[in-house]
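**Q** Submitted below is the structure of interest, expressed as structure tokens.
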Amino acid sequence: MERSLSCFIAILVVCPGSAWACWDQAAIRHNVPAPLLYAIAQAESSLDPNAVNRRHLRQTGTVDIGYMGVNSNPRVLRNLGVTEQDLHEPCKNIHAGSRILVEKLHRYGNTWEAIGAYNASCTKLDAAQCQATRTRYAWRVYGFLTNTRPPAIRRATLRDKYRTQKNTRAESAAPTQPALVAVGLT
């Protein structure tokens, strides 16, 4: 409870306007931990509600939008019941990302593999590349959850000062083998 309170205080400081309430609403509505949603948003957009990641635009013709880095693939948007324009609205973006996370958790279980799959659907990667990409992403999210990051992915940026407090429960479930380790948040 103390950790959740600290997380929401951090959200109040960082998130513009009333977007902070969306984290709590999405967590309750989709039955996922708010700190996990927040950590994913840190990994996806550095908490920038206006983020547009064009990294894979040439390869897939899509971009990742907003806090949760929701992909603009028309099939994904149709399944979520949102438009690309909706993703530019912080609350709709957070809810869409929460739904994607829930789908991954249902498919892969309560594991770090599910967290990695949130970021990498692996439609263009072979199995080894897919696993490596998902593991890197799981470590990144884990770092935001626990206020630590492995040296290979540590960055000295302004967002570091907004990281959430250390979560000792999740620490025991570090993503060394994401497919086998359950996410330690409830």
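The values are calculated or read from the model by the stated rules, or taken from the named source; none is laboratory data. Small disclaimer: the values here were computed from a predicted structure and weren't measured. Every residue, glycine as well, gets a Cβ built from its backbone with ideal geometry; the counts of neighbours run over all protein chains shown.
**Q** Tell me yes or no: at least one residue of the stretch 78-86 is modelled with pLDDT of 95 or more, more than 12 Å from the chain's Cα centre (by Cα) and closer than 19 Å to Q42 by Cα.
**A** No, the stretch 78-86 has no match at all.
**Q** Kindly list, by first and then second residue, each pair from a residue in the stretch 35-57 that is charged (D, E, K, R) and crowded, with 24+ Cβ neighbours inside 10 Å to a residue that is at pLDDT 95 or above and in a loop (DSSP other than H, G, I, E, B), limited to pairs with Cβ atoms under 9 Å and residues at least 6 apart or on different chains.
**A** E44/A51; E44/G66; E44/Y67; E44/M68; E44/G69
**Q** Which of (1) more than 12 Å from the chain's Cα centre (by Cα); (2) over 14 Å from S98 (Cα atoms); (3) modelled with pLDDT of 85 or more does C22 not meet, given it meets every other one?
**A** (2)
**Q** Of the residues in the stretch 84-110, how many are touching a strand residue (DSSP E or B) at 6+ places or on another chain (Cβ under 6 Å) and over 24 Å from G61 (Cβ atoms)?
**A** Qualifying residue count, the stretch 84-110: 1.
**Q** Which residues, taken from the stretch 41-59, are more than 22 Å from A138 (Cβ to Cβ), of a type in the set (K, R) and assigned to a loop (DSSP other than H, G, I, E, B)?
**A** R54, the sole residue that qualifies.
**Q** Scan the stretch 33-61 residue by residue and report those that are of a type in the set (V, I, T) and modelled with pLDDT under 95. Full working, then the answer.
**A** Residues of the stretch 33-61 that are of a type in the set (V, I, T), as a first pass: 40, 52, 60.
Residue satisfying the conditions is T60 alone.
**Q** Continuing with the same structure: Among residues belonging to the stretch 93-137 that are acidic (D, E) and assigned to a helix (DSSP H, G or I), point out the one that is modelled with the lowest pLDDT.
**A** We begin by selecting, within the stretch 93-137, every residue acidic (D, E); these are 103, 113, 126.
Then drop every residue that is not assigned to a helix (DSSP H, G or I), which leaves 103, 113.
Numbers: E103: 96, E113: 92.
So the residue we want is E113.
**Q** A further question on this structure: In the set G66, G81, which member is surrounded by fewer than 16 Cβ atoms within 10 Å (Cβ to Cβ) and within 19 Å of A26 (Cα to Cα)? Talk me through it step by step, then tell me what you get.
**A** Working: G66 fails: surrounded by fewer than 16 Cβ atoms within 10 Å (Cβ to Cβ).
Only one candidate passes the filter, namely G81.
**Q** For the list (1) of a type outside the set (A, V, I, L, M, F, W, C); (2) at pLDDT 70 or above; (3) in contact with a Phe, Trp or Tyr (Cβ under 8 Å, 6 or more places away or on another chain), I need the number of the one condition that R140 fails.
**A** Here R140 meets the rest and fails (3).
**Q** Looking at (1) of a type in the set (K, R); (2) in contact with a helix residue (DSSP H, G or I) (Cβ under 7 Å, 6 or more places away or on another chain); (3) at pLDDT below 90; (4) assigned to a helix (DSSP H, G or I), can you tell me which one K161 breaks?
**A** In the conditions (1) of a type in the set (K, R); (2) in contact with a helix residue (DSSP H, G or I) (Cβ under 7 Å, 6 or more places away or on another chain); (3) at pLDDT below 90; (4) assigned to a helix (DSSP H, G or I), K161 misses (2) alone.
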